[in-house]
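Participant: Got a structure here, written out as structure tokens. Questions coming.
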């Protein structure tokens with residue numbers, strides 16, 4: 001099934017416009033969404049990274065580019081904290097509760113004020129983890145846009 005290059009743009013824009021640096025992303029099809037984000041990153045040239053356990057932190061724009069020393073979640077979170085540049089970091093959260101160190105780093109990222117846009121996106125995070133952040137985390141539902149498509153004018157007719 002071909003991936004629509006504009007399909008992930010709406011979700012990506014909602015992530016960028018989130019009130020804070022920490023975002024919880026809910027998606028029914030995360031694999032398809034990652035492919036859409038990969039196309040957005042390649043088309044726009046923006047720095048978008050994906051962290052997965054066992055793979056580490058990789059660039060979505062250039063799949064061969066891996067960030068060295070970021071195989072563990074804690075190492076990736078430290079790298080993100082030290083980054084001085086724009087970036088969207090998608091974290092495929094492991095099941096269960098993160099370690100105390102990882103939780104502390106996530107809280108630090110949630111409260112970090114930078115002069116540049118930095119979004120840390122938690123995918124597949126447990127409800128108990130999200131509850132610990134309360135108001136420090138923005139929530140984005142990737143499937144909401146697909147369910148409530150705004151009508152468009154096409155050939156003089158409104159279509160949904």
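The values are calculated or read from the model by the stated rules, or taken from the named source; none is laboratory data. All of these numbers come straight from a predicted model, not from anything done at the bench. Every residue, glycine among them, receives a Cβ derived from its backbone with ideal geometry; neighbour counts consider all protein chains shown.
Participant: From the set of residues in the stretch 7-51 that are touching a helix residue (DSSP H, G or I) at 6+ places or on another chain (Cβ under 7 Å) and in a loop (DSSP other than H, G, I, E, B), which is nearest to residue 69 (Cα to Cα)?
Facilitator: My answer is 21.
Participant: Could you say which residue among 60, 81 is buried (at least 18 other Cβ atoms within 10 Å of the Cβ) and touching a residue at least 24 places away in the same chain (Cβ under 8 Å)? Walk me through it before giving the result.
Facilitator: Working: 81 fails: buried (at least 18 other Cβ atoms within 10 Å of the Cβ).
When all the criteria are applied, what remains is 60.
Participant: Residues that are at pLDDT below 85: find the strands (runs of 3 or more DSSP E) completely inside the stretch 82-160 holding 3 or more of those. Even if it seems obvious, please write down each step before you answer.
Facilitator: Numbers: elements: 87-92, 118-123, 138-141, 152-154, 157-159.
Strands (runs of 3 or more DSSP E) meeting the threshold: 152-154, 157-159.
Participant: Here's a follow-up. Out of 46, 64, report the one residue that is more than 13 Å from residue 87 (Cα to Cα) and at pLDDT below 90. Outline the logic, then answer.
Facilitator: Values: 46 fails: more than 13 Å from residue 87 (Cα to Cα).
Matching residue, one of 46, 64: 64.
Participant: Identify, from the list 74, 54, 69, the residue that is part of a helix (DSSP H, G or I) and over 16 Å from the mean Cα position of the chain (by Cα).
Facilitator: 74
Participant: Look at residue 90 and say whether it is touching a residue at least 12 places away in the same chain (Cβ under 8 Å), under 20 Å from residue 143 (Cβ atoms) and surrounded by 18 or more Cβ atoms within 10 Å (Cβ to Cβ).
Facilitator: Yes.
Participant: Could you list, in sequence order, the residues of the stretch 104-123 that are surrounded by 15 or more Cβ atoms within 10 Å (Cβ to Cβ) and either farther than 21 Å from residue 19 by Cβ or under 11 Å from the mean Cα position of the chain (by Cα) (or both)?
Facilitator: 118, 119, 120, 121, 122, 123
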